[in-house]
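Values in this text are rule-based calculations from the coordinates and carry no lab data. As the structure is a computational prediction, the values presented were derived from the model and not from experiment. Positions of Cβ are generated from backbone atoms using ideal geometry, with glycine treated the same way; all protein chains shown enter the neighbour counts.
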Amino acid sequence: MLGVLLLAFSVVSVASAELCKPDAQNAFKVRLSIKTALGDNAYAWDANEEYLFKAMIAFTMRRYSSKSTTQISNVLLCNVTDRVSFWFVVTDSSKNTTTVPGSEVEAAIRMNRNRINSAFLLSDKTLQFLKISTTLSPPVEPSTPVWLIVFGVVLSLIVAGIVFLVVSGIQQRKKKNKESTERENLEEKGEVTITIENGIPCETLDLKAGHVNGVFAADDERFTSL
Amino acid sequence: MDVPPEVPKEDGRPKWDNKFQYILSCIGFAVGLGNVWRFPYLCQIHGGGVASLMVSILVSLYYNTILTWVMWYFINSFQEPLPWSICPLNENRTGLNEECYESTAVNYFWYRKTLNITPDVTDSGTLQWWLILCLAACWAIVYLCTIRGIETTGKAIYVTAIFPYLVLTIFLIHGLSLPGATEGLVYLFTPNLNILQNPRVWLDAATQIFFSLSLAFGGLIAFSSYNPSKNDCEKDAVTVAIVNSITSLYASIPVFSVLGFKALTGYWDCLDRNIISVINEYDLPEQSITRQNYTDWITFLNSSNPEKLAGLKLKSCDLQEFLDQSVSGSGLAFIVFTQAIILMPGSQAWAILFFVMLFSLGLSSMFGNIEGVFTPLLEVKVISKSIPKELLSGIICLASFLFALCFTLGSGSYWIDIFDSYAGSLPLLVIAFFEVIGVAYVYKIKRFSKDMKWMTGRKLNLYWQITWKFISPLLLLIVFVAFVTLQIQKKPTYAAWNPKYEHFPVKEQKVYPPWVQAICVLLAALPCIFIPLVALIHLIKRMRRSKDPSFVPPEIFSCQEFNSNFSHPPQK
């Protein structure tokens, strides 16, 4: 009895060793970079994490196909390294000796990638399924490109400045024209006369303040004061 | 009787509000983009009236297109993440855009998203509408600031000349705090004696300082013509020259700190990528190989299993190689510096500051160029006095905008390189040479000394007399001859960005077709031809007017026409 059990057990383990090994058919290599993603909050990779991984894969297979009856025991892990990287394979729940085709596993994982990532607090880059390429999400594009808005603001400021300067220039010119025509009109009527004495307009000479001529001031002292 | 005060000449000519405005304008004109992006590159790799007007026109046309690019980058800096930091996806969203992936995101944004460059100069491509918008905005800004000549530029210059120094200081402080800054500065200041022996180095240095001061553009003459007659121009000239050189040196420091930072980050990235490959291949624990013990690990792994290590095809990471990787000119600002800005925290703010600084630098130089066009046109009696200044400047700006539209084509940047190398270089040497010869030998130093004495109150220093009579003409001649011989020796080629090239992203070296070469020669020769042409015209006019056989060169005449404020000292 014991011998039969032992035989069965060794057959199973040999079979699973056959099924899960590097570069086996339908096997996938997984690589995790926990320290890179979490830094000081990194958790250690132990048997419990492996259990969680198996559970996630089983969940993924079930979610992908409603007919699937994958159990946690159907997911086999092997060759766990310090890196942390390992190979896994999903066996068929009905027949323990065959593996689920790789394309199914791939499609299932693609569909549920987000859930798997968040279970381990990792991202697409730090939890890598080496043969499964990720579909990249397009960057968020606002309806109007941002640069067009900024451009609109800049251009309106410039146009406002130009309009202001041109209008003020025209106003100044009008005022100057009005002043010069007024002056011409007054001169015609002869009301404004510019007195000129010796070629110097009298306005430039400050008649009120006057200037003291030193020669005459000194002369005053020749006469004694009375 | 009192002596009447001197009645000032009422000629309606505008004047600077104060001396500081004039100095700032000259500095702003002299200190341009070249101080920031050309001088630091050169440090790194080694160890004339109608003629001036022509050059000013040609330069104005293409210079503002560079400002267009700066503005495009500026308005794109308000996004998170910066558009030149990530590659867009390809059509079926399975990976990154191929052109972007092969080169870098920064290169892709510059060559594809900004220029939409064609693979050949003959292939014109289409007008890029986003560049047309930015070009219109730039010319509108130039119009706004030059609308009334120096009345408005004098106000604008306070901002555009001072702001770059502020930003350079901010970058200096931040740059020096970045890792790798010391490596960059050490690299800048260590002279490489082998390279210094190459005469090309000295030629580059001479041409750089010459073009950097924006001489022979006519802009400096135009600015100076608005000064009062009794102005200490000797002090002004020395001030502007010194400030220009100090600015170039001052700008090198933050530029090289940032370049050092970029080189170090590139080096670290290279190392990290290698480390990841090794860790993945050998399934070693994470972070077991650090940057410090990387070389030890490699030697250990190489000794145990060399084939496996060779199979990884690791890139050799050399910090010197990264430091050598800079470019000059537009490449420095739009490729190298933008790449460095992505790596800094708060990159939007740095990008905005940087591009506003570049814009101010370019704008203040544009003022000089436009004045170099505006002032002569106002002086010459071709334009009637009834046309308001606003209209004249508007016409100049509009005409330049329409012409500059051809620089917004797909092949536009190739044409800008052509204009920059041929119109903005050789004619200036010729014009400056003739200006110096004209003042020193035809107008005669003695007369000029008397004028200087009247203006500044001091006799003309012996230093100026010697340099103007002998040293300057000689140096200019040497630079000119060396420049021409070097240009003739090599075939005129250009580097084209061709995604289909087999060695892409390395640029493809192509030869200019003959018709393009003819245009290059025309651009270089056209302004120069005007000097003897106008001389001939004036000679004929003079001989017809009076039978006086003495010959006065037209440069002096045109200078006097352009500088009507420059009056001779009163005859005793």
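Placing one equal scatterer on every Cα of the stretch B:463-533 and applying the Debye formula, the log10 ratio I(q)/I(0) at q = 0.12, 0.27, 0.29 Å⁻¹ is -0.57, -1.15, -1.18.
When the C-alpha to C-alpha distance is required to be over 19 Å, the pairs from B:Lys230/B:Lys453; A:Lys175/B:Lys389; A:Lys95/A:Lys131; A:Lys21/A:Lys125; B:Lys446/B:Lys469; B:Lys15/B:Lys450 that qualify are A:Lys95/A:Lys131; A:Lys21/A:Lys125; B:Lys15/B:Lys450. Shown for A:Tyr43, B:Tyr165, B:Tyr267: other C-beta atoms within 10 Å of each C-beta, ranked fewest to most, produce the order A:Tyr43, B:Tyr165, B:Tyr267. Give me D for the stretch B:80-160 in µm² s⁻¹, whole number, from Stokes-Einstein with Rh from the Kirkwood sum over alpha-carbon pairs, 37 °C and 0.692 mPa s. Rounded to a whole number, D works out at 207 µm²/s.
Diffusion of the stretch A:33-188 by Stokes-Einstein, at 20 °C in a medium of 1.002 mPa s and with Rh set to the Kirkwood radius over alpha-carbon pairs, works out to 99 µm²/s.
Once both labels are positioned 7 Å from their Cα atoms along Cα-to-Cβ, the gap between B:Ala310 and A:Glu18 label points is 3.9 nm. Taking label positions 7 Å along the Cα-Cβ direction at both B:Thr456 and A:Ile132, the computed distance is 8.0 nm, reported to one decimal.
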